[in-house]
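Worksheet: one structure, shown below.
The values are calculated or read from the model by the stated rules, or taken from the named source; none is laboratory data. Note that the coordinates shown come from a computational prediction; the quantities given were computed from them, not determined experimentally. Glycine gets a Cβ as well: all are built from the backbone with ideal geometry, and neighbour counts include every protein chain shown. The area values use the complete protein model at the heavy-atom level, side chains included, leaving out ligands, DNA and RNA. Shrake-Rupley method; radii C 1.70, N 1.55, O 1.52, S 1.80 Å.
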Amino acid sequence: RQDAPGAAEGLALASDPGGALNFLAMVENLQGDSGRGYYLEMLIGTPPQALNILVDTGSSNFAVAGVPDPDVTSYFNPELSSTYRSQGVEVTVKYSQGSWTGVLGTDVITMPKGLDGSYTINIATILESENFFLPGVKWHGILGLAYDALAKPSSSVETFFDSLVRQAEIPNIFSLQMCGAGLPVSGSGTNGGSLVLGGVEPSLYTGDIWYTPIKEEWYYQVEILKLEVGGQNLELDCREYNADKAIVDSGTTLLRLPEKVFSAVVQAIARTSLIQEFSSGFWTGSQLACWDRTEKPWSLFPKLSIYLRDENSSRSFRISILPQLYIQPILVIGDNLQCYRFGISSSTNALVIGATVMEGFYVIFDRAQRRVGFAVSPCAEADGAPVSEIEGPFTTADVASNCVSSVSFHEPALWIASYALMSLCGVILLVLTVLLLVPPRCQHRYTDNDVVNDESSLVRHRWK
């Protein structure tokens, strides 16, 4: 647990009028909502072209629309920038839903509400995409803030934030606040938010910051010890919560749970809620639930708590979200009905702490000390009452010393597997060449491990 050191550092840097770090200038530099993502305005090239860029802690490439697209209102034209330099390298990033292909280059960027100065950054200009830009979104590119292990086509591509740390000489830490609690996930307006580059801004949180170690530097992978619904432990093996990884990802809309965990959570919520009959389509995301606009259904549902291992491994702390964060208003029907969606979904390959949970907290990505911090966000309120909580410390005597499976698809493992497959491919080619005297080509197909984000990432609406 830490409060004073982080707060003091943030306050000192925020009051430094001459440096690149002015945290107060970065407060409310984001717009958006959990349904369509939170984005930052950025000026790219010379003369500058203004674009809105989606903030995504679950991928590592900085990419912008490079040609007109029916679903984007603006795009970056490299030919109009005197400082753009193409690297001539094609890059493809494939997500569980959606993909894009572009060309790597470099150009200068400035951030009207970010760091002072301009910086030379690797930029992928997107030339082709499929289900990446979505109708109604107000962003024109993506800012991947995860580690270089996820960068495409290889980890040798310096990430946006690594470039800032090197060129601006800022601390290797950023923090994120998204202010959409209790508000429509795709409303007509936009909510606020803050991306603080280089440190922690004290005005964006209350109470203490609680830190959990980063288990692996690719995604922001953390260790989850247990879940509670309405104060009742789900009593699952803690490895189920981390199958095959647990990550913090601002580019994922929902709280996503491994299938076994999701089933247990739904059963527990249905059991403890005050609603006896509930359509299964609501839980799976295919149906909305509607109440009279004068009613607030949140009192019908329980609190959800996630326990994370503390930096002191014998302790844990819990972050809790009230129903105002996971029973999410979507749309109004007629004059009287307000309809809601379930902000939790199942996942085949990860537990993802997405916007559903992150909107309750100020989240600190402390890369320098390899940890992720959580503090209560003052904007996480509905009807004047807080909708998130942090409590601790608790003992970890009742859980395993390591809840992260030893079998995990990390990036180095992908390299080893790739080399093994290439060797096998070479042997097969040699045999076929001898037998058929025709040298066939070995084609690469996308596997699950090429995917750099989760299914609801890129603010996919998973409801009808």
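Quick one: with all protein chains in place, what share of the accessible area of the range 173-407 is carbon or sulfur, to the nearest percent (1.4 Å probe)?
Values: 3830 of 8200 Å².
Summing carbon and sulfur atoms, their accessible area is 47 percent of the total for the range 173-407.
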Exercise. With all protein chains present, calculate the accessible area of Cys179 using a 1.4 Å probe and round the result to the nearest 10 Å².
Key: 30
Quiz item: Given a 1.4 Å probe, how much area per residue of the range 298-410 is accessible, in Å²?
Solution: 34
Quiz item: For q = 0.16, 0.17, 0.25, 0.28 Å⁻¹, what log10 I(q)/I(0) does the range 162-226 give under the Debye formula with an equal point scatterer on each alpha carbon and no solvent?
Solution: -0.84, -0.92, -1.15, -1.18
Quiz item: How about Lys303: which lysines have a C-alpha closer than 23 Å to its C-alpha, ignoring those fewer than 8 places off in the same chain?
Solution: Lys226, Lys260
Quiz item: From the residues Val89, Met26, Thr106, which one has its Cα farthest along the dipole of the range 13-108 in the positive direction, the dipole being from +1 and -1 charges on Cβ of Lys/Arg and Asp/Glu about the Cα centre?
Solution: Val89
Exercise. Run down the lysines and flag those whose C-alpha is under 17 Å from the C-alpha of Lys113, throwing out any fewer than 8 positions away in its chain.
Key: none
Quiz item: Can you give the Rg and Dmax of the range 35-170 based on its C-alpha atoms, in angstrom?
Solution: 13.6, 39
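What Kirkwood hydrodynamic radius, in Å, does the range 128-209 give when the mean of 1/r is taken over all pairs of distinct Cα atoms and then inverted?
Numbers: mean 1/r = 0.0633 Å⁻¹.
Evaluated over the range 128-209, this radius sits at 15.8 Å.
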Practice problem: Tell me which residues come under 5 Å, amide H to amide H, from Ile123 once H is placed; ignore anything under 5 positions away on its chain. | Solution: Gly105, Thr106, Asp107
Quiz item: Taking H as built 1.01 Å from N, whose amide H comes closer than 5 Å to the amide H of Phe361, not counting residues under 5 places away?
Solution: Met178, Ser377
Quiz item: Among the lysines, which have Cα under 26 Å from the Cα of Lys152 when same-chain residues fewer than 8 positions away are ignored?
Solution: Lys94, Lys138, Lys215, Lys245
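If you count only protein heavy atoms with a 1.4 Å probe, what accessible area per residue comes out for the range 35-170, rounded to a whole Å²?
On the way: 5050 Å² over 136 residues.
Normalised by residue count, the accessible surface of the range 35-170 is 37 Å².
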